[in-house]
1. In the full protein assembly as shown, how much of A:Thr229 is accessible to a 1.4 Å probe, in Å² to the nearest 10?
2. So what J values fall out for the stretch B:139-149 if you push phi through Karplus, 6.51 cos²θ - 1.76 cosθ + 1.60 with θ = phi - 60°, rounded to Hz, Gly and Pro as x?
3. In what sequence, highest mean first, do B:160-168, B:244-252 appear when ranked by Cβ atoms within 10 angstrom?
4. Can you give the mean number of other chain Cβ atoms that lie within 10 Å of the Cβ atoms in peptide A:235-243?
5. Divide by every residue of chain A the summed helix terms, -39500 (n - 2.57) for each DSSP H run of at least 4, and state the resulting mean residue ellipticity at 222 nm, rounded to the nearest 500 deg cm²/dmol.
6. Ignoring everything but the protein chains, give the 1.4 Å probe accessible area of B:Leu200 in square angstrom, nearest 10.
7. Is the stretch A:89-211 rounded, prolate or oblate when judged by the Cα gyration tensor, a ≥ b ≥ c being the square roots of its eigenvalues, rounded requiring a/c under 1.5 and prolate requiring a/b larger than b/c?
8. Considering the zone a paramagnetic label at A:Arg95 would reach in this model (a point 7 Å from Cα along the Cα-to-Cβ line), which residues of the stretch A:176-207 have amide N under 17 Å from it?
Amino acid sequence: MGLFSKIKEGLKKTRDSVASKVNMVLNSFTKIDEELFEDLEEALVMADVGLPTAERICEQLRAKVKEQGVTDPQEVRGLIKEIITEMMEGGEDLRISTSPSVILVIGVNGVGKTTTIGKLAAHLKDDGKKVILAAADTFRAAAIDQLQIWADRAGVDMVRHAEGSDPAAVVFDALTAAKARHADVVICDTAGRLHNKKNLMDELGKISRVIQRELPDSDQEVLLVLDATTGQNAVNQAREFKNTAGITGIVLTKLDGTAKGGVVIAIREDLKVPVKMIGVGEQIDDLQPFDAKAFADALFNEEEER
Amino acid sequence: MAFEGLADKLSEAFKRLRSKGKLTESDVKQAMREVRLALLEADVNYKVAKDFVAKVTERSVGSEVMESLTPAQQVVKIVDEELTALMGGENTRIDMASKPPTIIMMCGLQGSGKTTHAAKLASLFKRQGHRPMLVACDIYRPAAITQLQVMGEKAGVPVFEMGQIDPVKIIKGAMRFGKDHGNDILILDTAGRLHIDEELMNELKRIKADVEPNEILLVVDAMTGQDAVNVAKAFDDALGITGVILTKLDGDTRGGAALSVRAVTGKPIKFIGAGEKIGDLEPFHPARMSSRILGMGDVLSLIEKA
Ligand SMILES: Nc1nc2c(ncn2[C@@H]2O[C@H](COP(=O)(O)OP(=O)(O)OP(=O)(O)O)[C@@H](O)[C@H]2O)c(=O)[nH]1
Ligand SMILES: Nc1nc2c(ncn2[C@@H]2O[C@H](COP(=O)(O)OP(=O)(O)OP(=O)(O)O)[C@@H](O)[C@H]2O)c(=O)[nH]1
Ligand SMILES: [Mg+2]
Ligand SMILES: [Mg+2]
């Protein structure tokens, strides 16, 4: 399936979605007034953008409407999408040009880290890269077996230790293996951890330091995986993971559901971290590059109208 | 942190109310705007928050409150009462079958915590003197069965599996096995699925029709945003859930999803999960959740101050 078509498919089935209500509103309004702005703000909040960010977007919209002398409500939709696209654009590419380079994948529990790694490994391998996975979630039940299945599916190597062993040691071994085997990319899976747990965050800090020490001159990506179903707490998650491990990008997963993941707009605004990829399913090819315009379109559910 | 600022704002709003001898309707409305913001920041669904604030406002501007000696206290009390009521006080117990086995089916979105909580429940029942058995019905997720086996071992509870065949067949097999081995409770761990995935939702409907579980528990991640209502409603419409388990409350989410889920399904939250370990399961306390959602340590102490 093509870019975002899966999301749209999901959105089509959204019952009672405020976004589609707003589309109705836009179609029925004859002039641009406060009520219209309020409905748009409501739609943004329903998409998990958060009230403060929704208000900020609507303020920009008011200014744009005034500045450009727009009077047709139909044009408003385009303007708001423009604003969101501008906010979200830039920084989507993965920086992995050195061999080896390292991708560290982190996030809270159950968001889709391991699955994303499986998909990404397959994708990079298709691009002709030699990939090694590091099974550094040594904590969760059967996490290593789960990653092994993904490694097999993708046809890439994996470095593993026993359950309960030191995750930093797994990463160290994977980096050593990557150097010895001339691999291009090492992708490190980590255990899910809540950002308010100090000891678990310290463990992550330790993994980061191992990578810094072993491959100081390599390209490194630290990807925070966020579940699109998550609400405003995702801002806290991003802030804490950024402080501990210096995230370079976000992977927004589960966009094949009905949630729209609007909280990434607040994260981009507050923390300046770009979204790099999106997850749209549980299959190996359900990973897509992030496209700011398509994301803005999906927020307002335009497809339904056509 | 943003949320603390909000809690401060909220107590400010209540303090302002308190400082007035008599309240006007606009005083109340101003305070309610703050309450609404608190609810939205806590990921309470937009419509639920709107209805809630309307209801509290209606009660607050009534003559008993406005003309009472302590109007501000009354308003805070109404907020707390309504919130607690919305979350429901009554039945938090599991409905046991009059004739064993009791069958409990876990269901929910991907990664919400079904497998972990199936094992936690099993451990709880075991400690209560029952002889529970876990049944591996997730035939899709890589290493799902191994994960349940590891968790089952930690709980000291047997795990029944038949590989990746039709879940209904697995459950029938488990019922026969359980009968021979004296297991009085069967807990079904099902695969994570999207509420809009018709095929997989039908699988659950089929299980329901064939084995008539005593409990169908929806497992909801407490960090869920605005989409919680769509998810809960879809699962409830399809299956008639009997209760909810709210997970990952050991994070710093305010957990407004609790309110949304409760409001759209009317089904009780039976347990909360606050950790990855087998013992991290607690009964649900509506009053504590109410304080958490509003971002105040203790709403009642605010009433005393007011
Ligand atoms: N629908 C959907 N499901 C997904 C997506 N990505 C992952 N999942 C599912 O979400 C669940 C959790 O995924 P994992 O990859 O195990 O998540 P994790 O972050 O590694 O989890 P922990 O290691 O336990 O913290 C699994 O059932 C996955 O199949 C996605 O983009 N869409
Ligand atoms: N911190 C915390 N983590 C939890 C809690 N409950 C579950 N988890 C973690 O969340 C992740 C997902 O939990 P699972 O039990 O695998 O979730 P699931 O719903 O069975 O996932 P799928 O089968 O993939 O749909 C794992 O890393 C669990 O350890 C909780 O209450 N607190
Ligand atoms: Mg994982
Ligand atoms: Mg599971």
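1. The accessible area comes out at roughly 20 Å².
2. 9, 10, 5, x, 6, 4, 5, 4, 4, 5, 4
3. So the peptides B:160-168, B:244-252, ranked by packing, come out B:244-252, B:160-168.
4. Shielding by partners across A:235-243 averages 2.
5. The helix-only estimate for chain A comes to -16000 deg cm²/dmol at 222 nm.
6. About 30 Å², ignoring ligands and nucleic acids.
7. Rounded, since a/c falls under 1.5.
8. In the stretch A:176-207, the label zone of A:Arg95 (backbone N under 17 Å from the point 7 Å along Cα→Cβ) covers A:185-186.
The values are calculated or read from the model by the stated rules, or taken from the named source; none is laboratory data. Keep in mind it's a predicted model, so treat the numbers as computed, not measured. Heads up, the Cβs are rebuilt from the backbone with ideal geometry, glycines too, and the neighbour counts pull from every protein chain shown. Keep in mind that these areas ignore ligands, DNA and RNA; they rest on the heavy atoms of the full protein, side chains included. Shrake-Rupley method; radii C 1.70, N 1.55, O 1.52, S 1.80 Å.
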